[in-house]
Every structure is written in C-alpha cells, then in structure tokens.
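S.K.: Once you've had a glance at the structure underneath, I'll fire off some questions.
Rule-based calculations on the coordinates, nothing more; no lab input. For clarity, every value in this text was computed on a predicted model and none was experimentally measured. So basically every Cβ, Gly included, is an ideal-geometry build from the backbone, and we count neighbours across all protein chains shown.
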C-alpha cells in the first residue's frame, strides 16, 4: 500500500470513528421514545410521546386520552375512526397547550403537553376532546373551516356532559359567555366569507346550536343535531374523507327528516345573521347571574335544553 493510500485510509477510519462516536452520544442523550395503545371499542389509538418526555406521567396521559375517547364515542355512538395516531409533544410547563387534527396519511392528532402535567391539570381540559370531535366530520373546502371548527366547539362540551364528565351548568355557562364572540360585526359577509377567529369558532358553534334547536323544534324533540352527525359519520363522513358541503348537509337532513341544515346554511353562509341570544336563553330557561347559571324548568324550550346534554338512550 502506498503512503498516499495509507494516509487516505487512516483519514477515513478517523472520520468513521468520529461519526460513530457522535451517533453513540446522540443515542445516549436522546430521550427514549415512549408509546402506548388505547382501544376504545374495536378502534386503536397509538400514542407516541416526543420531545423531553422523561417527566411526563404516562398514566396521566392515558387517562386523559381515554376519557376524551369515551366522550366522543358516547356522542357519535362509536369512536369515529378505526385507527388514530396521537403524537404528544412534551413541552415546558403544565397542562395541554395546543392541538391540531390531520388526515393526510390516516387520522393524526398532534398535541403539546407540559412535561410536569398532573391529573389536576387535565381534569377540566377540553383540547383532546375538541380534536377528537373533528374525527367524526369530513374535511370540507377551506371557506367552510368555520363549520369544522364550530362543530368541535359546540359538540365538545356536550359530549363531555353526556359522558358524565362535565356538568350541564358548565356547558350552558360557557355558551352564554362564548357565543357573543361569534356574532357578526360591521362589514361581516357571512360565515363562508368572514374568517375571523370569533366567527370561525363561535360563529360556527352558533350555527350548530341554532340547527340543533330547529331540528328538535320541528321533530317535537325526537331527534337533534346528534342524529344528523351520526348519519354523516356512518355514511363515511369521517375526517379521513373530503366531501362537498352540500352532500354533507343533505345526509344530515335526511337523517332528521328536515331541511334545517341546508336552509340554515343558506341563511348564514353569505349574510350576517345575528340572532337575539337573550331571547334564546330565555326560551331555553338559562339564566346567568354573577357568573352562575340557573335553570328555569318552566321555560318553553327547557325540555330541549335537557335533551341536548342528556346521555343518548342507545349508542
């Protein structure tokens, strides 16, 4: 072997040794990947923790995700998808701090959780249930983002109440406080054309509350929005599907024997509809005073209010 080749070989060996050493150092420094599975019914939820998850209590995460899956299953009659991946990114602090639902390569939820989170931090958290509600509704065109986010905003507390995780008082107090943020402001052009935060989340939630009330009023409280959403899901309308908004609403209306969803969409999609919320709460028998909600069971629509948060008789 020539001196030049010998020198080259020596240099290659030094580089390889250095790379191996750095790789070994990275492997030692990187936190181990932590995974577990939850099985709601015959579905599978695969949970992976990323980031510095050494301080995260897996039992706390498991309980939080299991309760959220239970609430969504009660509302939809089953867990919305067969397989779900959840990536928990361990961040500084405590509690759940963000969440996003995807469906590019199967259902996926990414959520940030503080690495010192305990049971108390997640006991009243809404983020995971909100994200899981998305799983039961198809992806629509971008201009209908208010429908996807508004649905999750409206259904999340109701699903938790039906599962016994949230009080009826808490559900309606949050609506009384939150829904005014969804009312149209000056220059509003309807839900399809006004993409502010308030109109997207609370304006969308207002649409679904009004739809729920109208369906129940027209059917003598026999069925509600929940029946429409279950039908949409059962005909393939999970978040793994991309659907046209008209098709989605028609399936929901067919399940309730009404035209409420299509008609309300035509009312609100391009016009600034501003219902009288004070009158609505009076009809439902919801009274708010000093931050506390009380109910008037003699109100004309008190039965509808109770039915919305009551656990379904089947499913």
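S.K.: Counting other C-beta atoms within 10 Å, which of 215, 109 has the fewest, and how do the rest follow? List each step's numbers first, then the result.
M.R.: Values: 215 27, 109 23.
So the residues, fewest neighbours to most, are 109, 215.
S.K.: Helix-only estimate, please: 222 nm mean residue ellipticity of the chain, summing -39500 (n - 2.57) across DSSP H runs of length 4 or more and dividing by its residues, to the nearest 500. Walk me through the intermediate numbers first.
M.R.: Numbers: 12 runs with 149 residues, N = 315.
Taking each H run of at least 4 residues, the total per residue is -15000 deg cm²/dmol.
S.K.: Also, quick follow-up: With a ≥ b ≥ c taken as the square roots of the eigenvalues of the C-alpha gyration tensor of region 197-293, please select rounded if a/c is under 1.5 and otherwise prolate if a/b is larger than b/c or oblate if it is not? Intermediate values should be presented prior to the final figure.
M.R.: Values: a/c = 1.91, a/b = 1.54, b/c = 1.24.
The shape class here is prolate.
S.K.: Further, regarding this structure: R0 = 51 Å: FRET efficiency of residue 302 with residue 97, Cβ-based, nearest 0.05?
M.R.: Details: r = 37 Å, r/R0 = 0.73.
Working from the Cβ atoms, E equals 0.85.
S.K.: Determine the equivalent ellipsoid of the chain by diagonalising the alpha-carbon gyration tensor, then write out the semi-axes as square roots of 5 times the eigenvalues, largest first, rounded to whole Å.
M.R.: Computed over the chain, the values are 46, 22, 19 Å.
S.K.: Treating the angle as unsigned and between 0 and 90°, give the value, to the nearest 10°, between the Cα long axis of helix 204-218 and the longest Cα principal axis of the chain.
M.R.: Approximately 40 degrees, to the nearest 10.
S.K.: Between 291, 198, 95, which gets the highest mean-square fluctuation from a Gaussian network model of the chain, Cα cutoff 10 Å?
M.R.: 291
S.K.: Next up: Nearest 0.05, what FRET efficiency do residue 46 and residue 124 give at R0 = 35 Å with Cβ-Cβ as r?
M.R.: 0.85
S.K.: Another question, then. On C-alpha positions alone, give me the angle between the axis of helix 245-256 and the longest principal axis of the chain, in degrees, nearest 10.
M.R.: 50
S.K.: Okay, moving on. Hey, can you rank 160-172, 127-139 by average C-beta count inside 10 Å, highest first? Please report the intermediate quantities before stating the final value.
M.R.: Details: 160-172: 19.0, 127-139: 25.0.
Output ranking for 160-172, 127-139: 127-139, 160-172.
S.K.: Quick one: length gained pulling residue 295 to residue 267 fully straight, 0.36 nm per residue minus the C-alpha distance? List each step's numbers first, then the result.
M.R.: Details: separation 28, 0.36 × 28 = 10.08 nm, distance 3.00 nm.
Full extension of this stretch gives 7.1 nm more.
S.K.: By counting other Cβ atoms within 10 Å of each Cβ, how are 271, 238 ranked from fewest to most?
M.R.: Working: 271 15, 238 22.
Going from sparsest to densest Cβ surroundings: 271, 238.
S.K.: Given the Cα-Cα distance of residue 311 and residue 34 and 0.36 nm per residue of separation, how much length would full extension add, in nm?
M.R.: Values: separation 277, 0.36 × 277 = 99.72 nm, distance 3.48 nm.
Between residue 311 and residue 34, full extension yields 96.2 nm more.
S.K.: Taking a ≥ b ≥ c as the square roots of the eigenvalues of the Cα gyration tensor of region 134-259, is the shape rounded (a/c under 1.5), prolate (a/b larger than b/c) or oblate?
M.R.: On the way: a/c = 1.44, a/b = 1.05, b/c = 1.38.
Cα axes put region 134-259 in the rounded bin.
S.K.: Suppose R0 equals 51 Å; then what is the FRET efficiency for residue 218 and residue 57 from their Cβ-Cβ distance, rounded to the nearest 0.05? Each step should come with its number before you reach the end.
M.R.: Numbers: r = 48 Å, r/R0 = 0.94.
In this case the efficiency is close to 0.60.
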